[in-house]
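Novice: Before I ask anything, here is the structure I am working with.
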Amino acid sequence: MDIPETTPSTSSYGADLTRRALDLAMSSSTDMAESTLRVPLDYYRDDKLAELEQTRLLRGTPLALLASAQIPNNDDYVVRTVLDDSLLITRDRDGQTHVFLNYCRHRGAMPACGAGNARRFTCPYHAWVYDNTGKLRGVPGKAGFDDLDRSDYGLVELPSEERHGFIWAVLTADAPLDLDAHLGSFDDELARWRYQDFQYHDERHLESTVSWKGALEAFAEGYHFPFVHGNSVIGQNTIANTHVYDEYGPHHRIGFPFNWIRDLADKEPDATWDDPSAYMGLIYWIYPNLILANSPVGVEVIDILPAGSATRCTVRHSWMAKYPADTPEQTEMYAGIFAQVHAAVRDEDFAMLPQCGEGVRRGQHEHMVIGRNEIGVQHMVRVMAGHLGIALG
Ligand code: FES
Ligand SMILES: [Fe+2]
């Protein structure tokens, strides 16, 4: 067998993306929208619209609620609150995942809390027992309920599916879940990363006085990088206001080239080009509420949801390692990486964003204006506004 002297580039996918980013970096330009976009302030601040978002955007759409890596073993579980609903997310003894409303069918207390490994959950009020497939298994003083069929009183299960390293669910019990339709061509793009093989590391939570949509938009443009992130690795490693942009139906991908991509100028593509994450930060928006920010060693999972009013949001920021740590030193190194990226989100983006919240609450101008260079933000606004039936200028 002939062995080539140099490894040829095998993936036109990666090499093409690297090439596009390099061309933009060398010409100091960026992918852009056709024109600027005007967005009425009410888009961000109207509480009536916020109610509509719950039904139209958030409770009928599959949400990637949890990384599979957070419940890697059979009988693992996590309780998570999403849009004020307490959810019990389990992996049963056969490895199948489930998402339940964590409300007892007796009188509504919460059978599970925290996270761990358990087959059964005992409600703290009268000790009804549920298993991790949601079945009601035990009722103390059962004579009091001897005319009930226990099989009718399991935990209410939400439609869910595990795919690409996440557990997706629709927050409405009888709603359909069609992930093929939701992801479309994005399905293949997500599959490339093999997030199911990543190792869950840690998470932090914060609340902020800014619209959840405005907060998501901070992860859809690099225009602010030198100003907000100038003193941290984001600002120092990336080329300002430069990005490669692609849409996948409602979702999008943005590549923010690192400075060192310029070293590829005048070079022939080689195998390193195939891994675009070596040359750019690749950030996905998974409609409606999730950001995946990829680095060569891991991924930040940033989940942003409204929190009780149009200009208040809750943020869950977690980090997963691409290469599982097998030594304490590696675990410590990952902790350092997560601390650093979380500090950028908390102390830089979310130090800035409450000002935008104040601007939309107090502003007396009619609209925001989103630049041609903020093409990802424009896409977010158009997709959301389209689902909400809002006309844009
Ligand atoms: S509310 Fe759960 S057992 Fe009574
Ligand atoms: Fe930022």
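The values are calculated or read from the model by the stated rules, or taken from the named source; none is laboratory data. This one's a predicted model, so the numbers in the text were calculated from it and none came from an experiment. Note: ideal-geometry Cβ built from the backbone for every residue, glycine included; neighbour counts use all protein chains shown.
Novice: What tally of residues in segment 174-203 results from selecting those that are surrounded by fewer than 16 Cβ atoms within 10 Å (Cβ to Cβ), within 14 Å of Tyr284 (Cα to Cα) and among the aliphatic types (A, V, I, L, M)?
Specialist: Residues that pass the stated criteria total 1.
Novice: Select the strands (runs of 3 or more DSSP E) contained entirely in segment 102-167, then report the ones holding at least 2 residues which are more than 16 Å from ligand 2 (Cβ to nearest atom) and exposed (fewer than 14 other Cβ atoms within 10 Å of the Cβ).
Specialist: Strands (runs of 3 or more DSSP E) meeting the threshold: 115-117.
Novice: Of the residues that make up segment 94-113, is at least one under 24 Å from Trp212 (Cβ atoms), among the polar types (S, T, N, Q) and away from ligand 1 (no atom under 16 Å from the Cβ)?
Specialist: Checking segment 94-113: not a single residue is under 24 Å from Trp212 (Cβ atoms), among the polar types (S, T, N, Q) and away from ligand 1 (no atom under 16 Å from the Cβ).
Novice: Of the residues Arg80, Arg20, Arg38, only one is surrounded by fewer than 22 Cβ atoms within 10 Å (Cβ to Cβ), in contact with a strand residue (DSSP E or B) (Cβ under 7 Å, 6 or more places away or on another chain), assigned by TED's automatic domain parsing to the domain that holds Val299 and part of a strand (DSSP E or B); which?
Specialist: One residue alone meets the criteria, Arg38.
Novice: Let me ask you something else. Taking the criterion of being among the charged types (D, E, K, R) and assigned to a loop (DSSP other than H, G, I, E, B), would at least one residue in segment 368-381 satisfy it?
Specialist: Yes.
Novice: Can you find, within segment 207-219, the residue that is surrounded by the most Cβ atoms within 10 Å (Cβ to Cβ) among those that are within 13 Å of ligand 2 (Cβ to nearest atom) and part of a loop (DSSP other than H, G, I, E, B)?
Specialist: Val210
Novice: Working only within segment 293-347, note down all residues that are over 19 Å from the mean Cα position of the chain (by Cα) and buried (at least 20 other Cβ atoms within 10 Å of the Cβ).
Specialist: Ala310, Thr311, Tyr334
Novice: Go through segment 28-69 and report how many residues are closer than 16 Å to Asn289 by Cα, of a type in the set (Asp, Glu) and in contact (Cβ under 8 Å) with a residue 24 or more places away in the chain.
Specialist: Residues in segment 28-69 being closer than 16 Å to Asn289 by Cα, of a type in the set (Asp, Glu) and in contact (Cβ under 8 Å) with a residue 24 or more places away in the chain: 1 in total.
Novice: Looking at segment 173-210 only, could you name the residues that are among the aliphatic types (A, V, I, L, M) and either under 16 Å from the mean Cα position of the chain (by Cα) or under 23 Å from His317 (Cβ atoms) (or both)?
Specialist: Leu179, Leu183, Leu190, Ala191, Leu206, Val210
Novice: Please work out if Val129 is out of contact with any helix residue (DSSP H, G or I) (no Cβ under 9 Å at 6 or more places or on another chain), within 11 Å of ligand 1 (Cβ to nearest atom), at pLDDT 95 or above and among the aliphatic types (A, V, I, L, M).
Specialist: Spelling it out, Val129 is indeed out of contact with any helix residue (DSSP H, G or I) (no Cβ under 9 Å at 6 or more places or on another chain), within 11 Å of ligand 1 (Cβ to nearest atom), at pLDDT 95 or above and among the aliphatic types (A, V, I, L, M).
Novice: Specify the residue that is nearest to ligand 2 (Cβ to nearest atom); the eligible residues are those in segment 197-206 that are under 18 Å from Ala343 (Cα atoms) and not hydrophobic (A, V, I, L, M, F, W, C).
Specialist: Of everything passing the filter in segment 197-206, Arg204 is nearest to ligand 2 (Cβ to nearest atom).
Novice: Specify the residue that is nearest to ligand 2 (Cβ to nearest atom); the eligible residues are those in segment 352-363 that are free of Cβ contacts under 8 Å to residues at least 24 places away in the same chain and farther than 13 Å from Ser208 by Cβ.
Specialist: Among those residues, the one meeting the criterion is Gly359.
Novice: Considering each of Asn241, Asn237, Asn231 in turn, give the residue that is more than 22 Å from the chain's Cα centre (by Cα), within 30 Å of Gly386 (Cα to Cα) and within 15 Å of ligand 2 (Cβ to nearest atom).
Specialist: After ruling out the rest, the residue left standing is Asn241.
Novice: Out of all the residues in segment 364-384, is one or more within 16 Å of ligand 2 (Cβ to nearest atom), surrounded by fewer than 15 Cβ atoms within 10 Å (Cβ to Cβ) and free of Cβ contacts under 8 Å to residues at least 60 places away in the same chain?
Specialist: no
Novice: I would also like to ask the following. Any chance segment 62-71 includes a residue that's in a helix (DSSP H, G or I) and surrounded by fewer than 17 Cβ atoms within 10 Å (Cβ to Cβ)?
Specialist: no
Novice: Restricting to segment 137-161, what's the tally of residues that are more than 10 Å from ligand 1 (Cβ to nearest atom) and in contact with a helix residue (DSSP H, G or I) (Cβ under 6 Å, 6 or more places away or on another chain)?
Specialist: Residues that pass the stated criteria total 1.
Novice: Might you let me know whether segment 385-392 holds any residue that is of a type outside the set (Asp, Glu), more than 23 Å from the chain's Cα centre (by Cα), away from ligand 1 (no atom under 16 Å from the Cβ) and surrounded by 15 or more Cβ atoms within 10 Å (Cβ to Cβ)?
Specialist: yes
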